[in-house]
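Just below is one structure, and these are the notes that go with it.
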Amino acid sequence: MYDVVIIGAGVVGGMLARTLSAYDLKICILEKENDVAMGASKANSGIVHAGFDAKENSLKAKLNVRGAELMPQIAEELGVKYKNNGSLVVGFNDEDVKTIKELYDRGCKNGVRRLRIIDQDELHELEPNISDKAICALHAPTGAIICPYELTIAAIGNAMDNGAELKLNFEVKKIQEHDGYWEIASDKDTVMSHYVVNAAGQYSDAVAKIIGDNSFTVHPRKGEYILLDKECGGLVSHTVFRTPTAMGKGILVSPTVDGNLLVGPTSEDISDKDETSTTIEGFRKLFDADTVKNIPFNKTITSFCGLRSVGSTGDFIISSIKRGFISAGGIESPGLSASPAIAEEIIDMLGVHGLVLCKKNDYNPYRRTAHWFREASVAAKNATIAQNHAYGRVICRCETVTEGEIIEAIHTNPGARDLDGIKRRTRAQMGRCQGGFCMPAIMRILSRELDIPYESISKSGGGSDVICGRTKETL
Amino acid sequence: MTDLVIIGGGPAGMSAALAAYESGIRDILILERDAALGGILQQCIHNGFGLHKFGQELTGPEYAWKYEKRVHELGIPYKLNTMVLDITYNKVITATNAEDGMFEIKAKAIILAMGCRERPKGALNIAGTRPAGIYSAGTAQKLVNIEGYMPGKNVVILGSGDIGLIMARRMTLEGAKVQAVCELMPYSGGLARNIEQCLNDFNIPLKLSHTVIEIHGKERLSGVTIAKVDDRRKPIMSTAEYIPCDTLLLSVGLIPENELSKSADIELSSVTGGAVVDQDRQTSVSGIFACGNVLHVHDLVDFVSDEAEIAGKCAAEYINGEKCSNISVNLKTDGRIRYTVPQRITQKKDITVYFRVSDVFRNVRINIKNGDKTVFSKKKNKVAPGEMESIQLKAELLDGVSELNLELEEV
Ligand SMILES: Cc1cc2nc3c(=O)[nH]c(=O)nc-3n(C[C@H](O)[C@H](O)[C@H](O)COP(=O)(O)OP(=O)(O)OC[C@H]3O[C@@H](n4cnc5c(N)ncnc54)[C@H](O)[C@@H]3O)c2cc1C
C-alpha cells in the first residue's frame, strides 16, 4: 500500500514526487511509456517564463512567478543546466507597443521583478541580430532557459534516490475507490494507495473521467519546432518572443542551455492526443520567423513537435471531486516554469485531504549532475578513467560521450532503457550525425547492461524496434 | 615530440603513413577511434575496390588489409580506440583512450585523415512523425555487414549516393524488398557502374527528381509519401504517392569531418567542406596536411590512396626541412566546375588536378585559362557530379601566373 500514487511521469508528476520524497511517505509514480518525460515535458520551449504573460490573479500567474523563483535553487540541487539569459518581447508597430505596455503592467501586478521597456537602440545593442524593423521590446531580465526533460529526469531520479518508486509501461486503465484507499490498475498490474494524484498531462481528463470527474477537458494544441546546430546558438543570447496578437503568441527564437538555437513553436488545435508529427505548413511558418535576421535554417539538425494540454477553463486546473484524489489538468505553458509551485499547491491540497506530512531526516535534495564527467578537469577525468576504463572509450563522437557515461545513464535513477532514453540523458546520438555512427554501439551497451537481447532494443519502447532480426533469417 | 601524427587509420591514414615511412620517417603514430584499422572499408564487403591501384576487384576489407599488413610489417605504431579531441595551430594533439586517459602529443607534422560522415535526416526537414526505422545508409550497412542484423524488410531509399545504391543491392540480397530509390536531383550522385550493378540488375526503380515529403508511423515506420519535384526542387503535391514500408534509408550526402580542423584554425572550403590545400595537400596551417574523405569526398578509394601518398611524402619532406615553395598560383573555378583539389599551387612541378562538376554535361571541353588566354584544353564526352575527374597540369603553365581558371565549355 502506497501513501501517494502519482499518475504521469512528466515535469508535474516528477516535481511533485521529488517534493513529496522529502516526507516520510511511500510514493509510486505510474507512467504508461517506456521512459519518463515522454509527453509535453519532452518537447517544449524550455523557457522559465518571468511571469508577465498570464492574467493577473490566475493560478497560472501565481504559480508561474512562484515556480520561476524556486527554479534556480532546484536546478542547482538537481545538477540541471539553468541559464538566466533574460527574455525580450519584441514590438514592430503601434499595436505591439500598446500590448507591450499591457504586458509590462500585468507583469508588475503579477510580481515580476526588474521588468522594463527598452527602445530600438538599446534593443539592437542587446541583440545585434534582431530584425531592423523591431522598434521596442519588453525586457524581462528574470527570464531563463532550462532543458525540460533533463529537469524531469533529474527530479524523478532524485525522488527515487529518496525512496520513491517508478513503474514504467503502466498505463492506468482502472481506478477503484475503496474505504480509505484507491486501487489503480493497468492491463497487467495493480497498485494500491491512500492518495492519488492525476498528473497525466494530455490524458488528465481521461484519467479523471475514470473516477467520474467530468468537470474539465483537455485538448491538444500542436507546437512544432526546428532545432539548429550549436554553430548557431550564439545568434541571440536572450529568448526572443514576438509580441502576442489576436492571432496568437507567435514564434520564439532562443538559445538552448546546450548551446543550440531553437525556433518555434507553431500553434494549431487538433483532436488526436498522440499526433506529434511535423508538417510542411509548420516548417513554412517557422521559416517565416521574422524577429531575428538571417536564421540559418540550412543548419537544422532536427525538428520536433509537442502537444500543449489546453484546459477547458483557460487556467491551470488543480481540483478534486473525491477525497484523496487530486487532478492536475490543463497544465499548458507556463507549466514547466510553474511545476515546483504546482507541486506545493498539490501538497497543500493533499494536506487538507488528510495526508500527514512528516519531514524525513535523511532526505537528500542533491543529485549528482549527469554531466559531471564532461565538466571535470583533465586530472579528474584521468583519475576516473584509471579507475574505470569505460570513461576512456568515446562512443558518441559528435558530442564526445563515453561508454562510462552511457553505462551510468542506464544504472542511475531513472535508468535509460532505450536509445532515445540514452540520448536524452547523455546527448549521445544528438549531435551532427544524429547517431549514425554510434547507434549500433549503444545498442550493444544497452543489451549487455540490461541483459536483454540485441534484437529487443527499441528506439523508445513499445513497437519502436530498431531491427527486425538476424541477417539470413529473411531469406 | 613526435615527428608525424596521423589522425585516422582508414585507407587515407594508412597510405599516408606508409608513404611517409618510405620517405624515411620512422617516428610515426596513427591515432584511430575505432577498434580496428581500415576505417569505413571494414563494412564495405562488396567488391570493386582496387581496380586502378592493383588492377584487381577487391572487397573493402581486402583492400584495407593490403595496407594494414604493410603497417604491421613495418611496425608503424598506432593506437586504437583512441579519440582525438582537439588539435591546435601549434600541432598539439589532445586525445583520450581507456589505457592512457587524456593525453597530449606535440607533433612536427600532422596528417588529417578523419574521413567523412553521412548527412542525417534532421537536416532535411522532412515532415511527419519520428518513428524507428529510419537510418542513414552507412548505419544500415554497419548493422547488416558488421553486426549481422537486418534493419527492416521493406525498404525505400532516399538519395542515390553510392552507399545508398550499394545498400539497395545488399538489402535485396538479404531478402528485403527495396521498393524504390528516390533522388531529388535529375541525375544520380552515385557511380554509373553502381546504378547498373546495384539497381538495374535487380530491377529496383530509380526515381529521379523525386523526394520523400512525409514520414508515417508512430512507433515503427509504416510508410513514406514521395513526390516528384519541379526544376526548383519543390515537391509537386499532385504527384504525391504513398508507399508502405518499414525502413527508410538515407543516402543524401557525405560531409567531411572537420570539427578538429576548425579547432586548429585551418581554412576550409565552403564547397568541399574540407581544407583548402596546395599540391602537397598541405592546409593553410604549415605542417598540417589533409587527405582522403576529410579533404573532399571521393567515390573511389584508389584515388584516396593516391592522394594520401602525396600527403605522406610531402609531410616527410616538411619534417626533413625539404619542402620548398617558390610560386603562388590560385586555381579558380567557374561554378560548373564546383571545385578543384588542390586549390592552390606553391611549387613549380607537374600536377594532377582533381575536380568535380555541378551537373551532368555531354561533349565538353575543360579549359584552363590564364586571363582570357586558354593555355590548356581537354575534351570529355560526358562528365557527371558523381564521378571525380582529373587533368594534368604541366609545370611550364605555372610560369609567372598568380591565378588560373578552370572552365567547362559545352561544344
Ligand atoms: C509546444 C509547447 C511549448 C511549451 N513551452 C513552455 C515553456 O517554454 N515554458 C513553460 O513553462 N512551459 C511550457 N510548456 C508547457 C509545459 O511543457 C507543460 O506545462 C508541462 O510539460 C506539463 O507537464 P505534465 O507533467 O503535466 O505533462 P506531461 O509531460 O505530458 O506528462 C504527463 C505524463 O502522463 C503520462 N500518462 C498519461 N496518461 C497516463 C495513464 N493513463 N497512465 C499512466 N501514465 C499516463 C504521459 O505518458 C506523460 O508522460 C510548453 C508546452 C508545449 C506543448
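In the condition set (1) within 25 Å of the chain's Cα centre (by Cα); (2) crowded, with 23+ Cβ neighbours inside 10 Å, residue A:184 is compliant with all but (1). Among the residues in the range B:152-168, are any without any contact (Cβ under 8 Å) to a residue 40 or more places away in the chain and within 18 Å of residue A:435 (Cβ to Cβ)? Checked the range B:152-168: no residue is without any contact (Cβ under 8 Å) to a residue 40 or more places away in the chain and within 18 Å of residue A:435 (Cβ to Cβ). Please determine whether any residue of the range B:151-158 is of a type outside the set (A, V, I, L, M, F, W, C), surrounded by fewer than 24 Cβ atoms within 10 Å (Cβ to Cβ) and out of contact with any helix residue (DSSP H, G or I) (no Cβ under 8 Å at 6 or more places or on another chain). Yes, there is a match, as at least one residue in the range B:151-158 is of a type outside the set (A, V, I, L, M, F, W, C), surrounded by fewer than 24 Cβ atoms within 10 Å (Cβ to Cβ) and out of contact with any helix residue (DSSP H, G or I) (no Cβ under 8 Å at 6 or more places or on another chain). Residues considered: A:63, A:20. Of these, the only one that is among the hydrophobic types (A, V, I, L, M, F, W, C) and closer than 22 Å to residue A:309 by Cα is A:63.
Give me the strands (runs of 3 or more DSSP E) completely within the range B:1-56, filtered to those with at least 3 residues that are over 19 Å from residue B:83 (Cα atoms), ordered by residue number. Give the derivation first.
Values: elements: B:2-7, B:28-31, B:47-49.
In the range B:1-56, B:47-49 are the strands (runs of 3 or more DSSP E) which contain 3 or more residues that are over 19 Å from residue B:83 (Cα atoms).
Among the residues of the range A:18-41, the ones that are crowded, with 22+ Cβ neighbours inside 10 Å, within 11 Å of the ligand (Cβ to nearest atom) and on the phi < 0 side of the Ramachandran plot come to 9 in all.
Can you tell which of A:210, A:251, A:184 is closer than 30 Å to residue B:124 by Cβ, more than 14 Å from chain B (Cβ to nearest Cβ) and within 12 Å of the ligand (Cβ to nearest atom)?
Values: A:210 fails: closer than 30 Å to residue B:124 by Cβ; A:184 fails: closer than 30 Å to residue B:124 by Cβ.
It is A:251.
Residues are listed down the side, and each one gets a yes or a no for (1) of a type in the set (Asp, Glu); (2) crowded, with 21+ Cβ neighbours inside 10 Å; (3) farther than 30 Å from residue B:372 by Cβ; (4) at pLDDT below 95:
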{"site": "B:265", "(1), (2), (3), (4)": "yes, no, yes, no"}
{"site": "B:269", "(1), (2), (3), (4)": "no, no, no, no"}
{"site": "B:274", "(1), (2), (3), (4)": "no, yes, yes, no"}
{"site": "B:294", "(1), (2), (3), (4)": "no, yes, yes, no"}
{"site": "B:305", "(1), (2), (3), (4)": "no, yes, yes, no"}
{"site": "B:323", "(1), (2), (3), (4)": "no, no, yes, yes"}
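The residues listed here are A:320, A:309, A:271; of these, the one that is within 16 Å of the ligand (Cβ to nearest atom) and touching a helix residue (DSSP H, G or I) at 6+ places or on another chain (Cβ under 9 Å) is A:309.
Being closer than 21 Å to residue B:385 by Cβ, in a strand (DSSP E or B), touching a residue at least 24 places away in the same chain (Cβ under 8 Å) and within 14 Å of chain A (Cβ to nearest Cβ) is a property that does not hold for residue B:224. Within the option set A:138, A:115, being over 21 Å from residue A:257 (Cβ atoms) and surrounded by 24 or more Cβ atoms within 10 Å (Cβ to Cβ) holds for one residue only, A:138.
Please pick out the residue among B:335, B:400 that is assigned to a loop (DSSP other than H, G, I, E, B) and over 27 Å from the mean Cα position of the chain (by Cα). Working first, answer last.
Working: B:335 fails: over 27 Å from the mean Cα position of the chain (by Cα).
None of the other options fit; the residue is B:400.
For the range A:49-71, a tally of residues being more than 10 Å from the ligand (Cβ to nearest atom), more than 13 Å from residue A:341 (Cα to Cα) and not small (Gly, Ala, Ser) returns 4. Checking the range A:280-290 against the condition returns no match, with no residue being within 12 Å of the ligand (Cβ to nearest atom), of a type outside the set (Asp, Glu) and closer than 28 Å to residue A:155 by Cα. Before we move on, is residue A:46 closer than 21 Å to residue A:328 by Cα, within 14 Å of the ligand (Cβ to nearest atom) and in contact with a strand residue (DSSP E or B) (Cβ under 7 Å, 6 or more places away or on another chain)? Spelling it out, residue A:46 is indeed closer than 21 Å to residue A:328 by Cα, within 14 Å of the ligand (Cβ to nearest atom) and in contact with a strand residue (DSSP E or B) (Cβ under 7 Å, 6 or more places away or on another chain).
Of all residues in the range A:1-17, exactly one satisfies the criterion of being within 8 Å of the ligand (Cβ to nearest atom) and part of a strand (DSSP E or B), namely A:7.
Here's the yes/no breakdown for (1) over 23 Å from residue B:240 (Cα atoms); (2) assigned by TED's automatic domain parsing to the domain that holds residue A:236; (3) touching a Gly at 6+ places or on another chain (Cβ under 8 Å); (4) surrounded by fewer than 19 Cβ atoms within 10 Å (Cβ to Cβ):
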site	(1), (2), (3), (4)
A:271	yes, yes, no, yes
A:274	yes, yes, no, yes
A:280	no, yes, no, yes
A:289	yes, yes, no, no
A:296	yes, yes, no, yes
A:299	yes, yes, no, yes
A:312	yes, no, yes, yes
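Here is the figure for the range A:213-235: residues that are within 14 Å of another protein chain (Cβ to nearest Cβ) and assigned to a loop (DSSP other than H, G, I, E, B) total 1. Only one of the numbered conditions (1) surrounded by fewer than 21 Cβ atoms within 10 Å (Cβ to Cβ); (2) at negative phi is violated by residue A:11, and that is (1).
Any chance the range A:309-318 includes a residue that's among the acidic types (Asp, Glu) and at pLDDT 95 or above? Checked against the condition, which is being among the acidic types (Asp, Glu) and at pLDDT 95 or above, the range A:309-318 yields at least one hit. The range B:99-187 holds strands (runs of 3 or more DSSP E) entirely within its bounds, and those carrying 1 or more residues that are more than 27 Å from residue B:203 (Cα to Cα), at the interface with another protein chain (Cβ under 9 Å from one of its Cβ atoms) and aromatic (Phe, Trp, Tyr) map to B:101-112.
The values are calculated or read from the model by the stated rules, or taken from the named source; none is laboratory data. This structure is a prediction, so every number in the text was calculated from the model and none was measured. All Cβ positions, even for glycine, are placed from backbone atoms using ideal geometry, and neighbour counts span all protein chains on display.
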